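Heads up: the structure comes next, in structure tokens.
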Amino acid sequence: MIKVYTDGSCLGNPGPGGWGAVIIFPNGEEMELSGSEEDTTNNRMELRSVIEALHFIEPSSIIELFSDSLYVINTITKGWKKKANISLWNELEKVIQKHSNISWNWVKGHSGDFYNEKVNDLAQGKAEMVKKNKLSHISEEGKVQMVDVGQKSDTERIAFAKGFVKVSQQIILQVLNANNPKGDVLSVSRIAGIMAAKRTPELIPLCHQIDLNHVDITIEIDEDNNRFVIEAMAKSNSKTGVEMESLVAVSITALTIYDMTKSIDHDSLISDIQLVSKKGGKSGNIIRETSF
């Protein structure tokens, strides 16, 4: 059984708001989710927290959901009339349809329940951040700055990213037959991606210089769809994550494939570069539910 705690917060109602959720998996692993909106209401944030939490859970899972929102719990369990936020209710209903076994539980707010307090803090923290308009890369004086991670501990960080290069059948055949005019497309592209991952701080402003333990890139030839499927993994023991390193690796691998094959066809399409999952750090483990 998966346990889910959700909450929403709003400063002003309407005003800047935030939502928070904690997902507790059967193996004991926890995932924290949170977000914010500049102009919203408390009820909208309560709904949003439930929607986003359920989006992250595999369909047909057995779920026990806890919220201190009578608005959410009683509307679902007691049939309270939906007078506002209809679009969000419709969105929630679509998500609920993917999960056939959800138990809805009301928990009294600020009663000492550890996880209820935790999601409340997440939601309030996001709302306060929006109110202050405080971005981690912006100083109090409004100047761009690098985030200070000096107080963080070194932990294992792993990130997986993915992307696609849609090409013509002619390119696929030439790569398979190893007769591309510029040489070995796959090997050169892998090397380019690995080199790029190591130079991410030079490409992305304000990224930290970190020691990468390992970068791995695979390129699958999808003949049925005439495309290259690129997957990259970056790994480090450091104070900050390696998401950008994995995404840069995929991006440069894709660009190199394009460069190596453009003499055959200029119409190749790079698409859907995405973070698939990450491990480690304050936000814990995050897995993308759907992939393109």
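Taking chymotrypsin sites (Phe, Trp or Tyr not before Pro) across region 1-107, the ones in a DSSP loop with at most 14 further Cβ atoms lying within 10 angstrom of their Cβ are W80. Centre-to-centre separation between the Cα atoms of region 23-58 and those of region 175-204: 38 Å. For E156, E46, the sequence from fewest to most other C-beta atoms within 10 Å is E156, E46.
Note that region 273-278 has calculated 3J(HN,Hα) couplings of 6, 8, 7, 8, 6, 9 Hz, one per residue in order, obtained from phi through the Karplus relation 6.51 cos²θ - 1.76 cosθ + 1.60 (θ = phi - 60°); glycine and proline are x.
Labels on offer are (1) -0.58, -1.08, -1.21; (2) -0.45, -1.05, -1.31; (3) -0.65, -1.18, -1.30, and the one holding log10 I(q)/I(0) by the Debye sum over Cα atoms at q = 0.09, 0.14, 0.16 Å⁻¹ computed from this structure is (1).
Scalar couplings 3J(HN,Hα) for region 257-267, obtained by applying the Karplus form with A = 6.51, B = -1.76, C = 1.60 to θ = phi - 60°, are 4, 4, 4, 6, 10, 5, 5, 8, 7, 8, 8 Hz; x denotes Gly and Pro. Going through the cross-link list K118/K162; K3/K132; K78/K98; K182/K278; K3/K118; K198/K278, which pairs have a Cα-Cα distance over 23 Å in this structure? Violating the 23 Å Cα-Cα cut-off are K118/K162; K3/K132; K182/K278.
Among the trypsin sites (Lys or Arg not before Pro) in region 193-292, those placed in a DSSP loop whose Cβ has at most 10 other Cβ atoms within 10 Å are K282.
For the chain, the relative contact order is 20 percent, taking Cα pairs closer than 8 Å that sit 6 or more residues apart in sequence and dividing their mean separation by the residue count.
Applying both filters, DSSP loop and at most 16 other Cβ atoms within 10 Å, to the trypsin sites (Lys or Arg not before Pro) of region 1-105 gives K78, K81, K82, K83, K98. Per residue of the chain, the DSSP helices (runs of n ≥ 4 H) give a summed -39500 (n - 2.57) that works out to -10500 deg cm²/dmol at 222 nm.
Rule-based calculations on the coordinates, nothing more; no lab input. Nothing here was measured: the structure is a model prediction, and the numbers come from that model. Don't worry about glycine lacking a Cβ; one is built from the backbone with ideal geometry, like all the others, and counts go over all protein chains shown.
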